[in-house]
Amino acid sequence: RALLAPELDAERRRAALEQTREALAELAQLSRSYGFTLSIYLLHPVQDLMRGTHRHTFAALAETAPVPVRPTAQVFEDDPARYYFPLDGHLSARGAQALADLLLGEPH
């Protein structure tokens with residue numbers, strides 16, 4: 001799957017990050033209006049982990065987001081295939097459990 005999924009070119013990446021920035025700014029404003037704390041967790045697609053581009057993705061999102069972004073790649077980066085369904089890209093039961101364990105260990 002990582003080999004078959006094309007990477008974004010620079011212009012599409014810039015446009016995607018701009019749309020993401022706008023949407024997250026709206027969400028941050030909404031959170032202030034309704035009095036809840038916004039938290040952003042980055043869940044990487046398997047190809048991002050397998051290509052080793054997850055750190056770049058995290059840095060780009062962290063630079064774009066109005067609040068700190070919390071990483072999740074550390075749970076999956078040692079063996080991404082162990083946590084995702086093959087040729088699908090969704091988290092397997094093992095991946096979902098690993099993510100739940102991470103989130104349950106986060107301070108609220």
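Read-outs throughout are calculated quantities, based only on the coordinates presented, and are distinct from any laboratory measurement. Here the structure is a predicted model, which means the values were calculated and not measured. Counting neighbours? That spans all protein chains shown, and the Cβs are built from the backbone with ideal geometry, glycine included.
Just a few scattered comments:
- Extension gain from Thr37 to Glu11, taking 0.36 nm per residue of separation minus the Cα-Cα distance: 6.2 nm
- The charge dipole of segment 5-108, taken about its Cα centre with unit charges on the Cβ of Lys, Arg, Asp and Glu (plus for the first two, minus for the last two), comes to roughly 120 debye.
- Between Glu11, Glu63, Glu26, the residue with the greatest mean-square fluctuation in the GNM of the chain (Cα pairs under 10 Å linked by springs) is Glu11.
- Here the Kirkwood formula puts the hydrodynamic radius of the chain at 15.2 Å, using every distinct Cα pair.
- Centre separation in Å (Cα based) which lies between segment 9-43 and segment 56-108: 17
- Using R0 = 22 Å, the C-beta based FRET efficiency linking Ser92 and Arg55 works out to 0.45.
- Take every pair of alpha-carbon atoms less than 8 Å apart whose residues are at least six positions apart; their mean separation over the length of the chain yields a relative contact order of 28 percent.
- Loop-located trypsin sites (Lys or Arg not before Pro) in segment 1-99 whose Cβ has at most 16 other Cβ within 10 Å (DSSP): Arg1
- Whole-number percent relative contact order across segment 12-72, with pairs defined as alpha carbons under 8 Å at least 6 apart: 46
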